[in-house]
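Peer 1: The structure's right below; bear with me while I get my questions together.
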Amino acid sequence: MSQNNKPIYVTSPTLPPLEDFIKYLEEIWESKWLTNDGSFHREFESKLAKFLGVKYLSLMNNGTLALIIALQELKITGEVITTPYSFVATTHALWWNGIKPVFADIIPGQCNIDPEKIEAAITAKTTAIVPVHVYGHPCDVEKIQEVADTYGLKIIYDAAPAFSVKIKDNSILDYGDLSILSFHATKAFNTIEGGAIICHDEKSKMRIDYLKNFGFAGETTVVAPGINAKMNELQAAYGLLQLKTINENILKRKKVDLLYRKLLKNVPGITLSEFGKDVQYNYAYFPLFVEEKIYGMSRDDLYNKLKENNIFSRRYYYPLISNFSAYRGLDSAKIENLPIANKMSDQVICLPIYSDLAEEDIERIINILKTF
Ligand SMILES: *Cc1c(COP(=O)(O)O)cnc(C)c1O
């Protein structure tokens, strides 16, 4: 056992300074305004929209309800084409809306849904596409838009991992009809739990605000069967403080990413993910892909070896959503339909990455990885 054997987890959240948060808590205790469009909620919502460079954003209590509400807002029904290579909530949100998920395969390496496979999966019942910016890497947004325009489909991006990601200085959240974000503790930007829907006009924002508050449009008017997905004042206050350090944190993550890339150059059998052209990334994840025959060990061998050394990597995304019992009976879930997603899912491992991951910890991880 090495001298330094402290556990390292795949991520570790950045928290705001406690004394700053206490000041905000004192204000909340004073006002006793805990939720329902309070002043912290309003301030955080507008500052966050500005920070992200988007016009209309509605805060939510998590990313999953944001997705469920986004589908309600656009009244999506029938079949929706989505990726099996994601966190399970992407497909669960369809299920909770009574929508049939139709899985389309992904692009190798990049791991995002393949626009050509979307087109091949369209039927008379298809109403929308729910792609995911996997690991925060932008989908082929232009091609997906082309497919949607040709067939008259809506697009809702699950942008949960894509906080502050930009293409050519434009927010990734500008694309599609709606996008959702997650601010869960494990994400690059967290409000403990939390999320948002990003839309492109005032009326949509208004309807989304109604939907997250039971459908109330006034004290006695309910305009839709809404749900409760409101972010509370404590989370909004916490979020305001998080905004002050997010740029610095992303820079620190970038340094971790660069060091990993330097140390992992030319390791036979290990492939790293590539950023698209003109992308400003948030360094939310550090996925790599293990080619067993060349590397000499399987992905699971590496995962277990790291675990034995108290390093807790994660296999995002394994198993594929299409291989979970709830979905594996669907025609589109068959392995023959999703060869690339199944292959990537068997090869992927995400190494620890977070803003204060120390250089010596990165070296410890890489040394284990290179012993094969
Ligand atoms: C985190 C995540 C979600 C779920 O967000 P929650 O805030 O945890 O509900 C959905 N989709 C993807 C791709 C995610 O990474």
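Derivation of every value follows stated rules applied to the coordinates shown; laboratory data play no part. All of these numbers come straight from a predicted model, not from anything done at the bench. When we count neighbours, we look across all protein chains shown, and the Cβ atoms used for this are built from the backbone with ideal geometry, even at glycine.
Peer 1: Hey, what's the Kirkwood Rh for the range 18-241 if you take every pair of different alpha carbons, in angstrom?
Peer 2: 17.8 Å
Peer 1: Amide H of ALA128 versus every other amide H placed in the peptide plane: which residues, excluding those fewer than 5 positions away on the same chain, fall under 5 Å?
Peer 2: HN-HN under 5 Å from ALA128: ILE81, LYS154.
Peer 1: Given an 8 Å cut-off on Cα distances and at least 6 residues of separation, report the relative contact order of the range 18-241 as a percent.
Peer 2: Over the range 18-241, the number comes to 26 percent.
Peer 1: With a sphere of radius 15 Å drawn around the Cβ of VAL54, what net charge do the other residues whose Cβ falls strictly inside it have (Lys, Arg +1; Asp, Glu -1)?
Peer 2: Neighbourhood net charge equals -1.
Peer 1: While we're on this one: About its Cα centre, what dipole magnitude does the range 246-370 give when the only charges are +1 on Lys and Arg Cβ and -1 on Asp and Glu Cβ, stated in debye to the nearest 20?
Peer 2: 100 debye
Peer 1: Around PHE286, which amide H atoms from residues at least 5 apart in sequence, or from another chain, sit under 5 Å from its own amide H, with H modelled in the peptide plane?
Peer 2: LEU351
Peer 1: Can you flag which of LYS168/LYS262; LYS265/LYS370; LYS75/LYS125; LYS23/LYS244 are past 18 Å Cα-Cα?
Peer 2: LYS168/LYS262
Peer 1: I would also like to ask the following. Enter the Cα centre distance for the pair the range 239-281 and the range 127-177, rounded to the nearest angstrom.
Peer 2: 21 Å
Peer 1: Could you go through the range 79-84 in sequence order and give the Karplus-derived ³J(HN,Hα) for each residue, using 6.51 cos²θ - 1.76 cosθ + 1.60 with θ = phi - 60°, rounded to whole Hz, and x for Gly and Pro?
Peer 2: For the range 79-84, the Karplus curve yields 10, 10, 8, 8, 9, x Hz.
Peer 1: Right, another one. If you put +1 on each Lys and Arg Cβ and -1 on each Asp and Glu Cβ, how big is the dipole of the range 321-372 around its Cα centre, in Debye rounded to 20?
Peer 2: Computed about the Cα centre, the dipole is about 360 debye.
Peer 1: Might you report the magnitude of the Cβ-based charge dipole of the chain about its Cα centre, with Lys and Arg at +1 and Asp and Glu at -1, to the nearest 20 debye?
Peer 2: Around 460 debye, computed over the chain.
Peer 1: Highest first, please rank the peptides 186-196, 310-320 by the mean number of other Cβ atoms sitting within 10 Å of their residues.
Peer 2: The peptides rank, most packed first, as 186-196, 310-320.
Peer 1: While we're here: Counting C-alpha atoms alone, how compact is the range 246-370: give Rg to one decimal and Dmax as a whole number, in angstrom.
Peer 2: Using the Cα atoms of the range 246-370, the pair Rg, Dmax is 15.9, 47 Å.
Peer 1: Right, next: How big is the Rg/Rh ratio for the range 1-87, C-alpha atoms only, Rh by Kirkwood, two decimals?
Peer 2: Result for the range 1-87 is an Rg/Rh of 1.11.
Peer 1: Can I ask one more? Along the charge dipole of the chain, pointing to its positive end and built from +1/-1 on Cβ of Lys, Arg, Asp and Glu, which listed residue (TYR285, ILE156, VAL223) has its Cα farthest out?
Peer 2: Final value for the positive-end residue is TYR285.
Peer 1: Which one of VAL348, MET60, LEU178 has its Cα pushed farthest toward the positive end of the charge dipole of the chain, where Lys and Arg give +1 and Asp and Glu give -1 at the Cβ?
Peer 2: Of the options given, the answer is VAL348.
Peer 1: Count charges around ILE368 for me, please; just the other residues with Cβ under 12 Å from its Cβ, Lys/Arg as +1, Asp/Glu as -1.
Peer 2: Result for the neighbourhood of ILE368: 0.
Peer 1: Antiparallel as a % of all DSSP beta bridges within the range 64-174, to the nearest 5?
Peer 2: The antiparallel proportion sits near 20 percent.
Peer 1: Follow-up. For the range 244-278, which trypsin sites (Lys or Arg not before Pro) pass both filters: DSSP loop (anything but H, G, I, E, B) and at most 15 other C-beta atoms within 10 Å?
Peer 2: Here the sparse-neighbourhood loop sites are LYS265, LYS277.
Peer 1: Additional query: Write down the percent of antiparallel bridges among all DSSP beta bridges whose residues are both part of the chain, to the nearest 5.
Peer 2: 60 percent
Peer 1: How long is the gain from LEU263 to ILE340 if the chain were fully straight, where each residue apart is worth 0.36 nm and the alpha carbon distance is subtracted?
Peer 2: Fully extending the segment from LEU263 to ILE340 adds 25.0 nm.
Peer 1: How much length, in nm to one decimal, is gained on full extension between LYS47 and LYS370, taken as 0.36 nm per residue of separation minus their Cα-Cα distance?
Peer 2: 111.9 nm
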